[in-house]
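Student: Sharing a structure here in structure tokens format.
The values are calculated or read from the model by the stated rules, or taken from the named source; none is laboratory data. These numbers were taken from a predicted model, which means no experiment stands behind them. So basically every Cβ, Gly included, is an ideal-geometry build from the backbone, and we count neighbours across all protein chains shown.
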Amino acid sequence: MNSSDFDREWRLGELFDARMLERVAPPLAELLGADLAILDRDGAPLWGRPAAEARREALVLEIEPAGYLASSTADPARLHSAGRMFTALLRAEARYRMASALHIEAITQDFETLKLEHSRLLASEARYRKLSEELEARVEAQVADLEARQQQLYQAEKLASIGQLAAGTAHEINNPLGFVSSNLGSFKLYLDKFAALHGRLAEGEAAWQSLDLDFVLEDGAELLADCTTGLERIARIVADLKSFSNEGRPPTELADLNGCLQHAVSVVGTPPAGIQLHTSLAPLPQLACNPGHLNQVFFSLIRNAMQAIQDAGRPGTVGIASEASPAGIHIRIADDGVGMSPAQLAKAFEPFYTTRAIGTGTGLGLSTARNIVLAHHGSIELASTPGAGTTATLFFPTAP
């Protein structure tokens, strides 16, 4: 049944089947007290056998008859009343059929609508899943690109730091090389005296005394000792530089941050005139870290502190302190230099920001330092007062 059923003219046989007629017709015949036949619209008998002269009562639902009651002996008035009653039954059945059809059609339409919406949701879900996968792939690619760029920044900062170290390191190495070279020159003269002695062995003691070989032997031993000390100093400087660059070491290992601070101090070298460097290092637990990266952080902060004092144009002190707490390790690097204004302090960790003249700073130091500290699940804070100095406080958690 569909919506066209609401506009049609029903036939009696469509509304009442034989079973229904068998239930309705006999009681109706008893009420009439006469013979009764029920005919379809075209006169075909549906129940009973009408006589040839039977009177017919039309059963009209809308416009055309749906069927007829036929009787040859019934009172016309009673047959008319029976027809009205039967018509009411037919109309009730027709309305029931139409209501049922309407309900089924509504359910069918709702189900079709739900199926359509479901198919649309499935298509939308597939589209968004594809977009999500593409977005995830793009995010992963961007993260990988950012990690690569961050690593490039680390290396750029390290190269910039080593570049600034070049002059100081050359000076540090040149000092021992100078006296090693001078001592070796003197020692060559001493050897020349021994060579001269070889040709005058016959003159004996007088030649020994004239060449002052007692002094030569004594001073020669001291020169060799000085050369050894100078070479050891050069070896120590080279070892500190290798430790600073983390050459030949795994990315993460257990390390003593006091050792990292001492390496950074060694790499910085002798402070400029008028600057004193004080350390107060308490025993610390070992930390799982990248020592090379932390060496770079400490070096940058110590270098910045010394430059801040130089910018102030007066003698000053750089203080380096460490201590342990139940939560972790605390490092403080403080200076009494030029300090920073609130506006400068707010931008201190921005990439490429520098308070110095163009060409005298990379602007990467504090930004890179913070990224390295954050990569170790730590924190770094700056406190500064213009004209009074700056304190950098670092924290590295050790508790799980």
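Yes/no matrix, rows are residues, columns are (1) part of a helix (DSSP H, G or I); (2) assigned by TED's automatic domain parsing to the domain that holds ALA18; (3) modelled with pLDDT under 80:
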| residue | (1), (2), (3) |
| --- | --- |
| ARG56 | no, yes, no |
| LEU69 | no, yes, no |
| ARG84 | yes, yes, no |
| THR87 | yes, yes, no |
| ALA99 | yes, yes, yes |
| ASP110 | yes, yes, yes |
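Student: In a helix (DSSP H, G or I), in the same structural domain as GLY33 (by TED's automatic domain parsing) and modelled with pLDDT under 75: is that true of GLU93 in this structure?
Tutor: Taking the combined requirement at face value, the residue does not satisfy it.
Student: Which members of the stretch 269-315 meet the condition of being of a type in the set (Val, Ile, Thr) and crowded, with 22+ Cβ neighbours inside 10 Å? Don't jump to the end; show me each part of the working.
Tutor: So the first thing to find is which residues in the stretch 269-315 are of a type in the set (Val, Ile, Thr), and the list is 270, 275, 279, 297, 302, 309.
Within the stretch 269-315, VAL297, ILE302, ILE309 qualify.
Student: Continuing with this model, one more query. Any residue at all in the stretch 24-38 that is surrounded by 13 or more Cβ atoms within 10 Å (Cβ to Cβ) and part of a strand (DSSP E or B)?
Tutor: Scanning the stretch 24-38, I find at least one residue that is surrounded by 13 or more Cβ atoms within 10 Å (Cβ to Cβ) and part of a strand (DSSP E or B), so the answer is yes.
Student: Shifting gears a bit: Return a yes/no flag: does the stretch 307-324 have any residue that is within 29 Å of the chain's Cα centre (by Cα) and of a type in the set (A, V, I, L, M).
Tutor: Within the stretch 307-324, none of the residues are within 29 Å of the chain's Cα centre (by Cα) and of a type in the set (A, V, I, L, M).
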